[in-house]
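To keep things clear, I will list the structure first and then write my remarks on it.
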Amino acid sequence: MNASPIRCYFLQESGRDADFWKEVLSRIRDEDVEFLHLQGLEDVRRAIGERAPDFIAVDLPGQDSLPFFLEVQTLAPGAPSIVLTDKDVKLSFRALQDGAVDCLTKMDRDADSLGRRLAFAVRRQVLLGRLRRLSNVQLKPEDPAAARQRFEAVSEATKEMLRVSRLAALEEADARLRASPDDVEAHFYRARLLKELGRDDEARLAYGRVLELSPSLPGKTDDPDGFFLLALPEALRHHPGNVQGHLTLAGLLREKGKTEAARAQYAKVLELQADCPEARQALSLLPPPEGGPPGDTAAGAKPRRGEPRPLPVLLLTSTFDNNGPFLKMMDDGTFLPSVIVTDFYDPTQPLPPHRLAVNCVGEADLCRPALRAVQTILARSRAPVVNPPSRVLATGRAENAVRLRGIKGVVTPDIVNLPKELLAKPDGYTEVARRGFSYPFLLRSPGYHLGRYFRLVSNEKDLALAVASLPGSVLTVLRYLDGRGKDGKTRKYRVMMIGGELYPAHLALSGDWKVHYFTADMDDHPENRAEDQAFLGDTRSAIGERAFRALEAIRDQLALDYAGVDFGLDGEGNLLLYEANACMNVTPPGPDPRWDYRRKPVARILEATRQMLHKKAGGP
């Protein structure tokens with residue numbers, strides 16, 4: 001991949017499992033990546049002093065290893081860091097918040113597999129860096145040959161990154177199956193990855209295993225997460241003669257209210273097995289087809305003609321991760337998406353057919369060039385636009401703090417962007433204090449979310465560590481808005497704004513100042529979940545009339561088709577604005593019954609988004 005090997009330092013705080021990690025590194029067969037195993041801060045300082053690494057990989061066996069990780073980042077601030085954790089979701093998420101670019105779960109003790117996954121992770125970051133460098137190349141409009149050359153280079157790097165990502169995901173699926181051989185979801189994802197990698201014979205066998213396992217799995221008939229509605233059609237394309245698979249899919253479709261699709265599956269069963277009593281009985285219970293006679297219409301039953309065709313949608317995205325969640329919301333039966341990565345779009349190419357254009361670039365601070373590119377592309381389209389880029393450009397943190405400050409009941413933080421080199425000087429705090437800030441304050445790299453590259457600075461030592469570890473030439477200083485209640489817990493609310501309506505998404509409670517739902521104190525605290533449930537059920541009562549009216553005013557000021565607001569409350573009921581933008585996600589709850597209360601509110605948000613897209617396109 002490179003003329004000289006990429007150097008990656010593998011770091012451990014202590015000698016725990018040192019022999020195992022040496023074995024892992026010895027198994028890696030990648031001539032493009034050179035790994036060096038180091039133990040303890042003294043070894044790390046010495047090695048970095050002799051030669052700076054291109055990447056670092058850090059073993060994090062537990063929460064108590066996070067300070068070591070932070071210290072390592074200050075020693076090698078220019079080296080992207082990959083962390084390896086046990087099955088600790090909160091630790092993984094915290095490491096990503098604290099600056100890791102990737103996180104690998106060890107999953108098992110298979111040295112070969114773990115070595116390959118580590119090498120793949122490094123390769124992904126190398127390719128991502130190449131794509132970002134290509135996106136920064138300034139092209140002249142009168143030089144179409146240069147644009148074509150960059151487009152071809154981007155296509156080649158993108159294809160290779162997809163291949164490497166799929167190989168890494170395949171290793172993870174295999175690790176899951178070593179632990180749980182009957183994990184049907186792992187079998188399905190493994191099959192899909194094999195198909196995408198062109199390994200068709202292996203994929204066919206893997207899809208067969210999905211069909212063997214899925215009909216007999218207890219508790220899956222409701223399919224709350226829609227997994228089997230995705231998996232079974234793909235598996236049946238490879239095994240069209242599997243009667244039980246068609247029966248299971250028909251039952252799921254019927255439960256989802258997709259009567260005609262269910263009827264077609266039952267008809268397929270009867271083509272394969274004419275005397276199947278389950279299919280005939282189910283068909284007799286279905287309502288008759290529109291315009292058809294009542295009763296059993298099993299023989300030759302077909303999907304109703306005249307069903308609405310998928311809506312062709314143009315999705316405009318960026319290479320950075322801060323894109324809206326539209327693509328994953330698009331059911332293939334309802335939408336027909338075409339994706340353009342705006343950073344690399346060849347302006348000589350025609351736009352794909354579309355009735356609706358969706359600007360997925362939602363980050364105003366980091367992605368301004370991409371948003372300008374979206375504006376240029378949309379000038380060639382006559383379709384209605386979801387989240388016009390001109391409105392998204394106005395949602396940067398500093399811009400929001402100024403324009404939303406005048407709303408009654410809204411408190412926004414003072415914000416200033418300062419050169420990193422200024423803050424790194426011995427009198428860096430003096431520069432902050434001159435602008436009206438005092439300890440504690442917040443420091444972050446612009447454009448990142450989920451708490452990544454975001455620090456609370458309480459003293460000079462915190463300031464030095466934060467400046468050394470945060471990327472970028474400019475850092476954002478924010479006044480700390482204290483959202484703690486009388487019980488000492490910090491509360492962060494999220495409300496989505498879709499098609500002009502407000503939809504509560506979640507309330508997260510934590511003893512830490514940095515609150516995200518994934519790492520908040522929710523799993524093992526029923527009293528916190530009860531408060532979340534009350535917020536989802538009656539938002540106005542939960543936050544108070546003053547804050548609710550402030551939310552309505554923020555919605556009107558943003559004037560976006562899809563956006564979200566994260567906020568807290570002060571003791572007087574004012575809304576403490578943390579952020580408001582178009583790139584907030586809503587994550588469906590897991591299967592644990594503890595989260596049943598969240599299913600309907602999340603489903604309402606997803607359905608409201610789909611309805612907004614159809615309405616924007618001129619549909620019903």
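The values are calculated or read from the model by the stated rules, or taken from the named source; none is laboratory data. Worth saying up front: this structure is predicted, and the values here are computed from it rather than measured. Ideal geometry is used to build each Cβ from the backbone, glycine not excepted, and the neighbour counts take in all protein chains shown. The area values use the complete protein model at the heavy-atom level, side chains included, leaving out ligands, DNA and RNA. Shrake-Rupley method; radii C 1.70, N 1.55, O 1.52, S 1.80 Å.
From the list G590, G618, G537, G571, the lone residue that is surrounded by fewer than 19 Cβ atoms within 10 Å (Cβ to Cβ), on the phi > 0 side of the Ramachandran plot and either out of contact with any Cys (no Cβ under 9 Å at 6 or more places or on another chain) or free of Cβ contacts under 8 Å to residues at least 60 places away in the same chain (or both) is G618.
Could you say which residue among Y439, Y448 is within 24 Å of N574 (Cα to Cα), open to solvent by 40 Å² or more (accessible area, probe 1.4 Å) and among the hydroxyl-bearing types (S, T, Y)?
Y439
Considered as a group, the residues in the stretch 497-506 that are of a type outside the set (D, E) and part of a strand (DSSP E or B) include one that is farthest from the chain's Cα centre (by Cα), and that residue is L502.
Matching residues to (1) out of contact with any Pro (no Cβ under 9 Å at 6 or more places or on another chain); (2) open to solvent by 40 Å² or more (accessible area, probe 1.4 Å):
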| residue | (1), (2) |
| --- | --- |
| D343 | no, no |
| C367 | yes, no |
| S390 | yes, yes |
| N400 | yes, no |
| D414 | yes, yes |
| L418 | yes, no |
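Residues that are of a type in the set (A, V, I, L, M, F, W, C) and open to solvent by less than 20 Å² (accessible area, probe 1.4 Å) do not occur anywhere in the stretch 480-491. One residue alone among R494, R452 is in a loop (DSSP other than H, G, I, E, B) and either closer than 21 Å to E399 by Cβ or under 22 Å from the mean Cα position of the chain (by Cα) (or both), and that residue is R452. In this structure, V83 does satisfy being buried (at least 21 other Cβ atoms within 10 Å of the Cβ) and in contact with a Cys (Cβ under 8 Å, 6 or more places away or on another chain). Filtering the stretch 522-533 to residues that are open to solvent by 50 Å² or more (accessible area, probe 1.4 Å) and either in a loop (DSSP other than H, G, I, E, B) or within 19 Å of V565 (Cβ to Cβ) (or both) leaves D523, D524, H525, E531.
For the stretch 9-66, a residue qualifies if it is within 13 Å of T85 (Cα to Cα) and free of Cβ contacts under 8 Å to residues at least 24 places away in the same chain, and exactly one does: D64. Per the conditions (1) touching a helix residue (DSSP H, G or I) at 6+ places or on another chain (Cβ under 6 Å); (2) open to solvent by less than 50 Å² (accessible area, probe 1.4 Å); (3) of a type outside the set (F, W, Y); (4) at pLDDT below 85, the sole criterion not satisfied by D32 is (1). May I ask you to verify whether Q63 is open to solvent by 50 Å² or more (accessible area, probe 1.4 Å) and within 27 Å of R176 (Cα to Cα)? Yes; evaluated as a whole, the condition is true for this residue.
Selection within the stretch 238-256: residues that are under 29 Å from the mean Cα position of the chain (by Cα) and modelled with pLDDT under 80. The member of this set that is most open to solvent (accessible area, probe 1.4 Å) is E255. Within the stretch 159-175, residues that are assigned to a helix (DSSP H, G or I) sit with their Cβ atoms under 8 Å from residues that are among the polar types (S, T, N, Q), at 6+ positions apart or across chains, in these pairs: E171/S113; E172/T105; D174/S113; A175/S113. For K159, the test of being closer than 18 Å to V122 by Cα and either among the polar types (S, T, N, Q) or open to solvent by 60 Å² or more (accessible area, probe 1.4 Å) (or both) is passed.
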